[in-house]
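The values are calculated or read from the model by the stated rules, or taken from the named source; none is laboratory data. Please read these numbers as outputs of a predicted model, since none were measured by experiment. Here the Cβ positions follow ideal geometry from the backbone for every residue, glycine too, while neighbour counts run over all protein chains shown. In case anyone asks, the SASA skips ligands and DNA or RNA and just uses the protein heavy atoms, side chains included. Shrake-Rupley method; radii C 1.70, N 1.55, O 1.52, S 1.80 Å.
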Amino acid sequence: NAGVTQTPKFRILKIGQSMTLQCAQDMNHNYMYWYRQDPGMGLKLIYYSVGAGITDKGEVPNGYNVSRSTTEDFPLRLELAAPSQTSVYFCASSYNTGELFFGEGSRLTVL
Amino acid sequence: GENVEQHPSTLSVQEGDSAVIKCTYSDSASNYFPWYKQELGKRPQLIIDIRSNVGEKKDQRIAVTLNKTAKHFSLHITETQPEDSAVYFCAASIRRNDYKLSFGAGTTVTVRA
């Protein structure tokens, strides 16, 4: 199993541009999450999904959107990128409750 | 919402000594408390977790204790080794939904040889 796969690993965006961070898992996990990690701030939950067709906001959802059309995929969309969205983004999945399996992360810089 | 505070933010220990990291949480309904380890440039990985019906849990050199009355939990690493150098994050479930976690800000542990 590949686990949780995120793309791209690195991206530089200009202010106002849009992009989608891709996330896929092959573990048949029903729960999926997007976190952002800023230096000294820990991990903040952006959005999560408890199953295909169901998504909900986390702690810091503003400026982002998600969709969950399949069990495997959970893309994160950034519309109108702002410097405050410069961060490392981690996608994660879990089977019901318990251990989160993280992807390798996507480092995004907005200039 | 849940607020998790983690201390200290940095910790330097001599190889072989013990390391202790403490976290406090605000929501008395929280019932799941995991600890994640993140090595430099890597993804976070679960090292140990505890649920609210248990006061202590051990796994080889690491242990977690939970005091629900005081709303705090701690990670204990004994006989530290250089490979224990990493950032450690505590987390607490948001209400009783243990699939939603609020993370502490992290503790950077450095083990000196």
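Odds and ends about this structure:
- Averaged over the residues of peptide B:99-110, the number of Cβ atoms from other protein chains lying within 10 Å of each residue's Cβ is 5.
- Of the cross-linked pairs A:LYS14/B:LYS22; A:LYS9/A:LYS57; A:LYS14/A:LYS44; A:LYS9/B:LYS71; A:LYS9/B:LYS57; A:LYS14/A:LYS57, those separated by over 31 Å at the C-alpha level are A:LYS14/B:LYS22; A:LYS9/B:LYS71; A:LYS9/B:LYS57.
- Computed across region A:46-111, the Kirkwood hydrodynamic radius from all distinct Cα-Cα pairs reaches 12.9 Å.
- Across region B:53-59, coupling constants 3J(HN,Hα) worked out from phi with the 6.51/-1.76/1.60 Karplus curve, θ = phi - 60°, read 8, 10, x, 8, 8, 10, 8 Hz, and Gly and Pro carry x.
- Most mobile listed residue (A:SER94, A:SER84, A:SER49) in chain A, GNM with C-alpha springs under 10 Å: A:SER84
- Across chain A, the longest piece that holds none of the trypsin sites (Lys or Arg not before Pro) lying in DSSP loops with up to 14 other C-beta atoms within 10 Å covers A:15-111.
- Column: log10 I(q)/I(0), Debye, Cα scatterers of chain A, q = 0.10, 0.13, 0.15 Å⁻¹: -0.25, -0.42, -0.57
- Average other protein chain Cβ within 10 Å of Cβ, residues A:102-108: 2
- Kirkwood hydrodynamic radius (C-alpha pairs) into Stokes-Einstein, chain B, 37 °C and 0.692 mPa s, D in µm²/s: 235
- Shielding score for A:42-51, defined as the mean number of other chain Cβ atoms within 10 Å: 4
- When the alpha carbon gyration tensor of the protein assembly as shown is reduced to an equivalent ellipsoid, the three semi-axes, largest first, read 30, 20, 16 Å.
- The listed residues A:MET32, A:MET27, A:MET41 rank as A:MET41, A:MET27, A:MET32 when sorted by accessible area, largest first, using a 1.4 Å probe.
- Pairwise FRET efficiency - B:GLU56 versus A:LEU80, Cβ, R0 = 45 Å, nearest 0.05: 0.40
- Karplus 3J(HN,Hα) series, Hz, for region A:26-40 with 6.51 cos²θ - 1.76 cosθ + 1.60 (x for Gly, Pro): 10, 9, 6, 6, 8, 9, 9, 9, 10, 10, 10, 10, 10, x, x
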